[in-house]
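Q: The structure is given below, and queries will be raised subsequently.
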Amino acid sequence: MDLNLKNKIVVVSGSAGKEGSIGETIVNRLADEGAIPVLVDRNARGFEYVEKLQKRGVNSLFVQTDVTDPVAMENAVKVIGAKYGRIDAIINNVGVNDGAGLDSSYEDFMNSLKLNVVSYFLLAKYSLPYLKESKGNILNIGSKVALTGQGGTSGYAAAKGGVLGLTREWAVDLIHYGIRSNAIIIAESYTPAYEDWIKTLPDGETVLKKINKSIPFEGRMTKTEEIADTALFIISEKSSHTTGQFVFVDGGYVHLDRALISDVN
């Protein structure tokens, strides 16, 4: 299916994670569709990713910035605007389950909010003039933790709850500008960060098997490619009448009856 994303300027925050991360996968899927991916991240790995894309003949840009800093984010969007003159969609993809729980300091809690939800506000705020002009759209990457809780991660849970609130708020706020706002909710996806966490556990393989078994559909984690493909569909014209929605790409983790899991898997 041609998603009509060719030459669309799509800004993806949190897009310079390790190879195989959700943001990096989204960027490559955008490139495959002929879009112009713009990477916004603090990690210098983004320069390497853009170099690889450019060698493929893909028009791309990396803006290295602190996504929690209002001035830095405003300047990042100015750089994008100066180069391309427009923004067609933004994908807020920042997410670090940093374990800032009730026993953490106030500063750690606030830093978690700044990273995991305030950065979303900043990118949307400063991109808004361009999105109004293009009648573009916003896609927020959310987490099941906002709905299910997890334990020991108050900052991340509060932030991801806020992401869902902002998704609906922006859908209402921007409806008269023809701007859509949606969110993808992810449960368990075997990203490089997830793998790193599993390796820290003394019984990591046992934990991994238990987690896989808890996922109703096929007893496996969601692939980052599956998340990326859904993201591209949502920001495309093929989803032109979809706004204010939470799209679950989770193998039924959040909604399906756990009593069925042993039978399915």
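Q: Would you mind telling me which numbered condition in (1) at pLDDT below 90; (2) of a type in the set (Gly, Ala, Ser); (3) open to solvent by less than 30 Å² (accessible area, probe 1.4 Å) Ala228 fails?
A: Ala228 satisfies every listed condition except (1).
Q: Only one of these conditions is not met by Thr206: (1) among the polar types (S, T, N, Q); (2) out of contact with any strand residue (DSSP E or B) (no Cβ under 8 Å at 6 or more places or on another chain); (3) in contact (Cβ under 8 Å) with a residue 60 or more places away in the chain. Which number is it?
A: With respect to (1) among the polar types (S, T, N, Q); (2) out of contact with any strand residue (DSSP E or B) (no Cβ under 8 Å at 6 or more places or on another chain); (3) in contact (Cβ under 8 Å) with a residue 60 or more places away in the chain, Thr206 is out only on (3).
Q: State all residues of the stretch 94-124 that are part of a helix (DSSP H, G or I), under 17 Å from the mean Cα position of the chain (by Cα) and among the charged types (D, E, K, R); if no residue qualifies, say none.
A: Step one: filter the stretch 94-124 for residues part of a helix (DSSP H, G or I), giving 106-124.
Keeping just the survivors that are under 17 Å from the mean Cα position of the chain (by Cα) gives 112-124.
Correct list: Lys114 only.
Q: Also, I was wondering about something else. Step by step: first the residues of the stretch 166-211, then only those that are under 30 Å from Ser127 (Cβ atoms) and hydroxyl-bearing (Ser, Thr, Tyr), then the one that is most open to solvent (accessible area, probe 1.4 Å). Which residue is that?
A: Tyr177
Q: Residues that are surrounded by fewer than 16 Cβ atoms within 10 Å (Cβ to Cβ) and within 17 Å of the chain's Cα centre (by Cα): list the helices (runs of 4 or more DSSP H) wholly contained in the stretch 1-93 that include at least 2 such residues. Quick ask: steps written out before the conclusion?
A: Numbers: elements: 22-32, 45-55, 70-84.
Ranges flagged: none.
Q: Restricting to the stretch 208-243, count the residues that are within 17 Å of the chain's Cα centre (by Cα) and under 25 Å from Ile36 (Cα atoms).
A: The total comes to 15.
Q: In addition: For Val163, only one of the following conditions fails: (1) open to solvent by 20 Å² or more (accessible area, probe 1.4 Å); (2) in contact (Cβ under 8 Å) with a residue 60 or more places away in the chain. What is its number?
A: Condition not satisfied by Val163: (1).
The values are calculated or read from the model by the stated rules, or taken from the named source; none is laboratory data. If you're wondering where the values come from, they're calculated on a predicted model, not measured in any experiment. Positions of Cβ are backbone-derived with ideal geometry, glycine not excepted, and every protein chain shown enters the neighbour counts. The accessibility values were calculated without ligands, DNA or RNA, using every heavy atom of the protein model including side chains. Shrake-Rupley method; radii C 1.70, N 1.55, O 1.52, S 1.80 Å.
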